[in-house]
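J.: Have a look at the structure that comes next, please.
Bear in mind these aren't lab numbers, they're just calculated from the coordinates by the rules spelled out. This structure is a prediction, so every number in the text was calculated from the model and none was measured. Here the Cβ positions follow ideal geometry from the backbone for every residue, glycine too, while neighbour counts run over all protein chains shown.
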Amino acid sequence: MAEVRPPADWVNRFADEVIEEAARRSPGKPVVVASGLSPSGPIHLGNLREVMVPHLVADEIKRRGVPCEHILSFDDFDRLRRVPAGVDPSWTRHIGKPLTSVPAPPGSAYPNWAEHFKAPLAAALTRLGVEFRGISQTRMYTSGAYVDEVLLAMRERTRIDAVLAQYRTKPRLAVVASGIDATAGSGETGTETADGSGAAAEDDGATGAGYFPYRPYCSACERDLTTVTGYDDESTKLSYTCECGHAETVRLAEHRRGKLVWKVDWPMRWAYEGVIFEPSGADHQAPGSSFEVGGRLVSEIFGGRQPIGPGYAFVGISGMAKMSSSRGAVPTPADALGIMEEPVLRWLYARRRPQQSFTVAFDAEIQRLYDEWDAVARKVTDGTAAALDASSYDRAIRTATGELPCTPRPLPYRMLASVADITTGDSDQILRILGDTDPDRPLRSLDEVQPRLDRARCWAMTQLPAGERTRLAAEPDQATLAGLSAAERSSLDLLLAGLDEDWSLDGLSRLVYAVPKLQAGLSADAPPTPELKAAQRAFFALVYRLLIGRETGPRLPTLLLAAGQDRIRALLAG
Ligand SMILES: [Zn+2]
């Protein structure tokens with residue numbers, strides 16, 4: 001295995017390109033990669049890609065010993081555009097204020113709207129091993145950090161307007177309202193222009209009195225329903241009116257309650273931070289997008305360079321039963337970490353190129369995902385994994401600075417979920433059942449299967465539809481038992497007679513497949529035939545019906561272990 005060049009997965013290819021570009025643009029300085037998120041509401045799990053793509057590239061750069069910083073801009077000085085479902089509708093009166101000036105939703109422990117939605121995301125990122133420097137755009141603007149850039153943009157407003165004008169005349173590609181609020185989407189999605197908030201004008205900066213790339217928040221009502229009516233370059237005196245009736249003249253060199261419009265703000269920050277790599281949502285790659293326009297403005301106005309900025313595809317969600325209904329059914333990264341381990345969530349992002357879309361499963365598909373994950377892990381352990389699989393697995397389980405938490409004994413997720421389901425999550429019963437699965441290596445404590453058990457238990461408790469929950473019958477189903485054919489009765493008797501022989505997951509697996517063979521006069525290890533398979537299906541359905549009142553259920557050996565011998569005998573005996 002010595003001297004094998006790392007496989008050229010997408011992360012490695014971007015890391016090569018970014019390191020080379022950084023050495024050209026800013027030799028000797030740490031490489032800067034960037035993400036941006038708007039804490040305008042619950043931060044959607046889909047937006048995690050905005051962070052994970054640069055994170056994985058930054059992590060690869062650090063693994064190579066090259067200093068690298070991942071900055072995460074929180075666009076918390078953006079206006080509140082709409083009040084998400086589940087929040088008191090009276091909050092609509094705050095629409096137009098900066099997100100940091102809007103009170104947090106009722107009952108929140110956080111000082112304002114932006115902090116309320118930022119905090120759970122930051123906590124999830126920390127759990128995921130994402131190291132970042134968070135930058136509050138409120139703090140940057142209100143501290144005056146950008147004052148030179150703001151004055152420059154105003155001085156150059158005619159040139160900026162001319163650049164924007166070239167794109168205004170071009171037909172825009174239809175932008176699909178994705179419900180995603182990554183920076184990349186700020187002011188760009190259909191929903192935002194459709195809500196009557198004037199977001200289209202905000203993007204652009206055009207007014208009846210000329211073009212001004214700076215928009216003040218009104219000092220009377222705090223909202224951005226303002227129109228700049230005049231500006232003097234010499235004195236930096238800026239006059240504005242507001243829809244609330246307020247009118248005022250301020251000195252822009254000292255003014256702190258306002259910001260550049262999005263299409264100018266983004267390239268200004270590329271230059272200010274020296275960003276080398278920043279991906280954005282795929283809709284940003286369209287002609288006339290803020291990424292394309294920003295590429296012109298950053299070099300022509302701000303003296304910087306456009307970052308390497310691949311578009312990334314949409315991340316879908318499947319399932320998510322009932323969870324979050326009070327929050328408008330928005331799945332967040334914290335929700336995903338409730339049902340899957342950190343390395344598994346990292347893996348979803350690492351193994352797909354940014355251009356590939358994928359789905360995060362909250363439904364039963366998560367069990368197949370885990371089977372796949374465990375299979376890769378086994379191959380990595382025994383050295384048979386394909387190079388690309390080994391590399392995405394490695395990106396999932398550790399970062400340049402440490403290992404992610406892992407489960408010492410990774411019992412199958414589907415088994416843990418079944419056991420949690422059958423026991424309604426009771427830890428003592430779970431330990432008893434899991435302790436029986438492998439008598440040669442008994443489980444001593446549930447710690448050995450943590451944190452995976454907690455994630456599987458959460459999945460079973462919150463995501464499994466009520467109709468699919470497993471409940472052991474309290475009493476024998478006398479009607480079914482009375483109507484059994486002789487063959488059915490003898491199949492149950494064979495099962496009961498074999499329970500004692502090897503009460504373990506493997507032993508019971510062999511037993512349940514052997515019963516129909518023994519009934520057919522074959523040996524227990526006879527090869528399966530179509531007739532045997534049909535007989536097995538009928539036998540399994542009968543056992544499910546008698547144990548849980550349904551024709552299907554968790555894997556039968558798991559169900560038998562969970563039920564325990566006494567209960568099985570009580571429910572299946574004649
Ligand atoms: Zn006002």
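J.: With angles folded into 0 to 90 degrees, how steeply does helix 10-25 sit against the dominant principal axis of the chain? Use alpha carbons for both and round to 10.
T.: Orientation of helix 10-25: about 20 degrees from the principal axis.
J.: Would you mind telling me the antiparallel percentage of the DSSP bridges in the chain, rounded to 5? Mind showing how you got there, number by number?
T.: Details: 20 of 39 bridges.
Antiparallel: roughly 50 percent of the beta bridges in the chain.
J.: Could you line up SER40, SER299, SER235, SER101 from fewest to most neighbouring Cβ atoms inside 10 Å?
T.: Numbers: SER40 23, SER299 15, SER235 11, SER101 20.
Least crowded to most crowded, the residues run SER235, SER299, SER101, SER40.
J.: Helix-derived [θ] at 222 nm for the chain: sum -39500 (n - 2.57) over DSSP H runs of at least 4, divide by residue count, nearest 500? Provide the component values of the computation, followed by the final result.
T.: On the way: 23 runs with 252 residues, N = 574.
Estimated from H runs of four or more residues: -13500 deg cm²/dmol.
J.: Still on this structure: Using alpha carbons only, how many degrees (0 to 90, rounded to 10) separate the axis of helix 365-381 from the longest principal axis of the chain?
T.: 90 degrees
J.: So which of LYS62/LYS118; LYS97/LYS263; LYS97/LYS259; LYS237/LYS259 end up more than 23 Å apart, counting from Cα to Cα? Numbers along the way, then the final one.
T.: Values: LYS62/LYS118 26 Å; LYS97/LYS263 19 Å; LYS97/LYS259 12 Å; LYS237/LYS259 16 Å.
Beyond 23 Å: LYS62/LYS118.
J.: Just the isolated ones, please: cysteines in the chain lacking another cysteine beta carbon under 4.7 angstrom.
T.: If one checks each Cβ against the other cysteines of the chain, CYS68, CYS406, CYS458 turn up with nothing under 4.7 Å.
J.: Let me know the Rg and Dmax you get for region 359-452 when you use only its Cα atoms, in Å.
T.: Over region 359-452's Cα set, Rg and Dmax evaluate to 14.9, 41 Å.
J.: Ok, one more. Below 8 Å between Cα atoms, with a sequence gap of 6+, how large is the relative contact order for the chain in percent? Intermediate results must be reported in sequence, preceding the final value.
T.: Values: 923 pairs, mean separation 71.9, N = 574.
It comes to 13 percent, rounded to a whole number.
J.: Continuing with the same structure: Using Cβ contacts closer than 10 Å as the measure, can you line up SER219, SER90 from fewest to most?
T.: Values: SER219 15, SER90 9.
So the residues, fewest neighbours to most, are SER90, SER219.
J.: Now for a different question. Report, for region 1-115, the % of DSSP beta bridges that are antiparallel, rounded to 5.
T.: Values: 1 of 8 bridges.
Of the beta bridges lying entirely in region 1-115, close to 10 percent run antiparallel.
J.: If you don't mind, another one. Would you please state the base-10 log of I(q)/I(0) at q = 0.08, 0.10, 0.12 1/Å for the chain, with intensities from the Debye formula using one equal scatterer on every alpha carbon?
T.: Normalising to I(0) and taking log10 leaves -0.66, -0.89, -1.13.
J.: Further, regarding this structure: Expressed in whole Å with the largest first, what are the equivalent ellipsoid semi-axes of region 227-331 derived from the C-alpha gyration tensor as the square root of 5 times each eigenvalue? Could you put the intermediate results ahead of the total?
T.: Working: eigenvalues 242, 119, 26 Å².
Three semi-axes, in Å: 35, 24, 11.
J.: Would you grab the residues whose amide H sits under 5 Å from the one on THR229? Only those 5+ places off in sequence or on another chain, please, with H modelled 1.01 Å from N.
T.: Excluding prolines and chain starts, which carry no amide H, the hits are SER239, TYR240, THR241.
J.: Test of the criteria: in region 477-574, which GluC sites (Glu not before Pro) are in a DSSP loop and have at most 13 other Cβ atoms within 10 angstrom of their Cβ?
T.: Working: sites: GLU488, GLU501, GLU531, GLU551; in loops: GLU501, GLU551.
Loop-located and lightly packed - GLU501, GLU551.
J.: Also, quick follow-up: Against the longest alpha carbon principal axis of the chain, how many degrees, from 0 to 90 and to the nearest 10, is the axis of helix 48-63 turned?
T.: Roughly 90 degrees between the two axes.
J.: With a 10 Å Cβ neighbour count serving as the proxy for reagent exposure, in which order, fewest first, do MET52, MET415 appear? Walk me through the numbers on the way to the answer.
T.: Numbers: MET52 25, MET415 22.
Lowest to highest Cβ neighbour count: MET415, MET52.
J.: Would you be so kind as to identify which of CYS406, PRO442, ALA282 lies farthest towards the positive end of the dipole of the chain, taking Lys and Arg as +1 and Asp and Glu as -1 on Cβ and the Cα centre as origin?
T.: After comparing all options, I get ALA282.
J.: Tell me, what is the Rg over Rh of region 80-161, with Rh the Kirkwood radius over Cα pairs?
T.: Details: Rg = 16.6 Å, Rh = 15.3 Å.
Here Rg/Rh amounts to 1.08.
J.: Quickly work out the ARG82-to-GLU551 label distance, labels modelled 7 Å from Cα along the C-beta direction, and quote it in nm with one decimal.
T.: 4.4 nm
J.: To the nearest 20 Debye, how big is the dipole of the chain about its Cα centre, given +1 on the beta carbon of each Lys and Arg and -1 on that of each Asp and Glu? Kindly include the intermediate steps, with their values, before the conclusion.
T.: Numbers: 66 positive and 75 negative charges, 96 e Å.
Rounded to the nearest 20 debye, it is 460 debye.
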